[in-house]
Every structure is written in structure tokens, then in C-alpha cells.
Amino acid sequence: MKIIRNISIVLVLLLINALAFGQCETYLQKAETLFAQKNYNEAKRQYMNYQECKPNATGIDAKIAECDFLAKGSTPLPANNSNASSVNEKKIFYNENWQGCSQYQAKYYRIAKFDATGKPVGKFFDYYITGELQSEVDGAISIDEINDRNSKFIGYAVAYYKNGVKSHETQYDNNGNVIWAKRYKENGTLIVPRTKTAIGIGSFSGYKCDQAETTATDAFINDGRFIVSKVQNNRYGNNQQTSDDVDYILSANSTCSQYARTEYTRIGNQSIPYQIPEKVNVVITLTNAQTGQIVVNSTYNLNQINRISGDLFPVKFTIRSVNGNKVTLGGVTGGTYFIGDTFNVYEVYNSALKSKIGTIKIDKSGEHKITDGAKEVKKRFEAGAKLSVEK
């Protein structure tokens, strides 16, 4: 009786295994049928069921990736050629910095195919470790499994946020160089690259702080080279919350060192009144919005703070003509400058190095006087040297 009972247990176990195997194959059959019907989302689900049922099954990651790709309306992957037996599929794990790591440290994984020499073959797919499609790339010259920054991609590449919205598009040439690229916000809005420096107006405090803030803001806006916006609060350090895409934060503190008053001077027998204006000093701080480093700390008189944009971000010119000790200027980078300002003249070399050869004083007539180095400036200009006029 004991022998019969043991045989019965074995038969039951065999039956259970057979049923399990049959269920696994059912998942695979359903997946292939749905794939043929172009129902890629359901096919993916059945492939995932099959993979869970048979963890050692090969080629399923690629089928899941292909379902993801085709579900987005893309064209089918090309069939393997006669050397298909030498092409191996591989799963590569990367951390948040796209450096190779173990599965347990990974934030992303890549499904790619390689030939017998280790060269990438065809399209490959990246996933968030939680399974969402992260990117799909037409191909690669090389894939670095240690540091993906060293990989070289070719063709069209598209990346996605976890919610499925497109985050990046990039087109590479056949040498792995970027031809064009686009970035998108999570709501799908295209991020347009800006060409101007962004100034965030932060905390202005002290005597006549409102006037100081308005004057400084207007100076940057009227300059034309800057995007100006208010930061979201007036706290700095780790608590600073700036508006999007700000390069620098401008803040200031104003103090009145001398109040306006009337004084008198005697002319003959008469006492003539005259006004001494108040003196307001404004200490300007310009902070790198990304690093928190203070890059400028300067004091201005309130009446001269409108010069701030040109002082902190100097204007540059080129020389159009030289006539004796006078020059006409052109090619201005934009921005504010003032009559009486002094600019240096530099000769700029191909290596981007430069040497000072003279100075120019801005004149209201449009013909600006060379106050130093007139002969050298004229000589280098007539020789066709590249000259830059800047503070």
C-alpha cells in the first residue's frame, strides 16, 4: 500500500508539471497569435506571462521590446539575416548616471543585439528598471557597457518620460555626431533653446529698495541681451526656489549714507542756497543660480545703477574704420554703454588668446577717440588683424 501511495504522489506531481508546462505554452501561443493580429499591447502582456512562467526562456525580452516599439506605430524590425545564429541578445544594466552596474543597483536596462565580434546589430531599446520604455535607437557604432557616455549612436533616437510622453529626439549621422536634437517637457511642450542670458531678480532690501530693484530690472530689460524674471522667493542657499532656466540671481541691499540737504554759499552780500543730493549706496550681488557661487559683489550709487548690465556683462564692438586717432565702431553685441565710457582694444588670435593694443573713449559724435595706442591700432587694423573693442 505504501508503494502504491508513493506512485500516486509521483503521478500527481508529473501531472501538475505537465499542466504548468501546458499553461506556459498557452501564454506563448496566445502571444504569437496576438502579435500576428498586430494587437501588440496584449501580445506584450502574454509574452510577459510566458517569461514569468519560464524565466529561462530566451528571446522573450526582444519580443517584448518589439511589441513596445510596434505599439507606438513604428515599422517592424528587420528579420535576421543568414548569420542570425551568430547574433546574441544581451541585457545591460545601468545606474542613474548611465554607468554599468548590477541588476540590483540599476535604474535602467538595455536590450541590444551583438554579432560574434561584439558589434551592435540593429535597433536597441532602453527601459526604466520598472519596465516602462525609456528610449529606442536605430543603431550604434559601439555600446559601452561601463559608461554609456562613451557609446556612439547612429540614426534616429527617441526617449520618453515614465508616463510615455516623449522627452528627447536626436538625429545622429553615420559617424555618431548629433545632427539635430529636441527636448520636451513632461506635458509634451517643446523646449525652445534660448540665446539670451537669464537674470532672476531676487531680494532687494534697505533704503529705497523698490527704486533700486526697478532701476536694475529696467537696465537688464532695456539692454536687450537678457531674459529677466522674478525668482519665486527671496531666500537663498538650499532654500532658494528660482523660476525655470535662470543663469544668475541679482540681489541688493541699499543704504543711505547722506540725506539730501540745503546749504548756502555767499556771493557778495547774498547767501545763495544750493541742494546737496542724498547719497544712496546699493551693494549688488550676482549669484550663479546653479552653483550658488557669488560671482559679483559691487557697490553702485543709486543714480548710476542703470549702468549695471553693461558693467556686469560688458558690451563688445568691432572697428569699422580708423581715421588718425579716431575710429568708428560696429558689430556691437547689444547692450547698454554710455558717453565717456572707456573700452580696451584687443588683437584676437586664432587660439582665442588676445593682447591689448590700445584704448578708446566713447564720444557722442560717433567718431570715438583713441586715447592710447593710436598708431598700433591703425597699423593692426590696416593689416587686417582681428580687433575686439571691449571693457
field: Peptides 289-298, 265-274 ordered by average Cβ neighbours within 10 Å, highest first
entry: 289-298, 265-274
- request: Identify the residues of region 90-128 with backbone N under 13 Å of a label point that sits 7 angstrom from the Cα of Asn150 along the Cα-to-Cβ direction, or state none.
  value: 99-100
query: Where does the charge balance sit around Cys24 when Lys and Arg score +1, Asp and Glu -1, over other residues with C-beta under 10 Å from its C-beta?
result: -1
- prompt: What is the sum of charges around Glu367, taking Lys and Arg as +1, Asp and Glu as -1, for the other residues whose C-beta is under 12 Å from the C-beta of Glu367?
  reply: +4
- request: Determine, from the Cβ-Cβ distance of Tyr264 and Asn301 and an R0 of 30 Å, the FRET efficiency 1/(1 + (r/R0)^6), rounded to the nearest 0.05.
  value: 0.75
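Per the helix-only calculation at 222 nm, which mean residue ellipticity applies to the chain, given -39500 (n - 2.57) for every DSSP H run of n ≥ 4 and division by its residues, nearest 500 deg cm²/dmol? Can you show the working numbers first?
Numbers: 6 runs with 90 residues, N = 391.
When only DSSP H runs of four or more count, the value is -7500 deg cm²/dmol.
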task: Report the FRET efficiency, 1/(1 + (r/R0)^6), for Lys391 and Asp218, where r is their Cβ-Cβ distance and R0 is 22 Å, rounded to 0.05.
output: 0.60
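Which pairs break 19 Å Cα to Cα here: Lys107/Lys185; Lys119/Lys152; Lys107/Lys162; Lys63/Lys123; Lys354/Lys379; Lys356/Lys379? Could you put the intermediate results ahead of the total?
Working: Lys107/Lys185 21 Å; Lys119/Lys152 11 Å; Lys107/Lys162 12 Å; Lys63/Lys123 13 Å; Lys354/Lys379 16 Å; Lys356/Lys379 14 Å.
Beyond 19 Å between Cα atoms: Lys107/Lys185.
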Whichever lysines have a C-alpha closer than 16 Å to that of Lys182, once near sequence neighbours (fewer than 8 apart) are set aside: Lys166
field: 3J(HN,Hα) from dihedral phi, region 91-101, Karplus parametrisation 6.51/-1.76/1.60, rounded to Hz, x for glycine, proline
entry: 9, 10, 9, 10, 8, 5, 9, 6, 10, x, 7
- line: Computed from the beta carbon distance with a Förster radius of 22 Å, FRET efficiency for Lys379 and Asn350 to the nearest 0.05 stands at 0.70
- line: Put in order of increasing Cβ neighbours within 10 Å, starting from the fewest, Glu213, Glu347 give Glu347, Glu213
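Quick one: net charge around Lys326, please, counting Lys, Arg +1 and Asp, Glu -1 for every other residue with C-beta under 12 Å from its C-beta. Could the numbers behind the result be given before it?
Values: positive: Arg320, Lys361, Lys369, Lys378; negative: Asp363, Glu367.
Local charge sum for Lys326: +2.
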message: How far apart, in nanometres, would the label points at Asp372 and Val332 be if each is projected 7 angstrom from Cα along the Cα-to-Cβ direction?
response: 2.4
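Can you give me the relative contact order of region 197-308 as a percent, contacts being Cα pairs under 8 Å and 6 or more apart?
Details: 225 pairs, mean separation 30.6, N = 112.
Computed value for region 197-308: 27 percent relative contact order.
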task: Quick one: compute the contact order of the chain, relative version, from alpha carbon pairs under 8 angstrom and 6+ residues apart, as a percent.
output: 7
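Taking 20 °C and 1.002 mPa s as the conditions, I'd like the Stokes-Einstein D for the chain in µm²/s, using the Kirkwood hydrodynamic radius from alpha carbon pairs. Walk me through the numbers on the way to the answer.
Working: Rh = 28.3 Å.
The Stokes-Einstein estimate is 76 µm²/s.
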message: Which one, Ala57, Ala43, Ala65, has the greatest fluctuation when you compute a Gaussian network model over the chain with C-alpha springs under 10 angstrom?
response: Ala57
Karplus (6.51, -1.76, 1.60) ³J(HN,Hα), θ = phi - 60°, over region 314-327, in Hz, Gly and Pro reported as x: x, 7, 10, 10, 10, 9, 8, 7, 10, 9, x, 9, 10, 9
query: Which of Ser135, Ser365, Ser229 moves the most in a Gaussian network model of the chain with Cα springs under 10 Å?
result: Ser365
message: Just to confirm my understanding: which cysteines in the chain have no other cysteine beta carbon less than 4.7 Å from their beta carbon?
response: Cys67, Cys101, Cys209, Cys256
- line: Karplus-derived 3J(HN,Hα) from phi for region 216-226 (6.51 cos²θ - 1.76 cosθ + 1.60, θ = phi - 60°), whole Hz, x at Gly and Pro, runs 5, 4, 4, 4, 6, 5, 5, 4, x, 9, 10
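What do you get when you divide the Cα radius of gyration of region 314-390 by 2.2 N^0.38 Å, with N the number of residues? Spell out each step's value before the answer.
Numbers: Rg = 11.4 Å, N = 77, 2.2 N^0.38 = 11.5 Å.
The reported ratio for this selection is 1.00.
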query: By counting other Cβ atoms within 10 Å of each Cβ, how are Val345, Val178 ranked from fewest to most?
result: Val178, Val345
query: Can you give the extra length, in nm with one decimal, that the chain gains between Ala116 and Thr195 once fully stretched, where that is 0.36 nm per residue apart less the Cα-Cα distance?
result: 23.8 nm
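Rule-based calculations on the coordinates, nothing more; no lab input. None of the values given here were measured: they were computed from a predicted structure. So basically every Cβ, Gly included, is an ideal-geometry build from the backbone, and we count neighbours across all protein chains shown.
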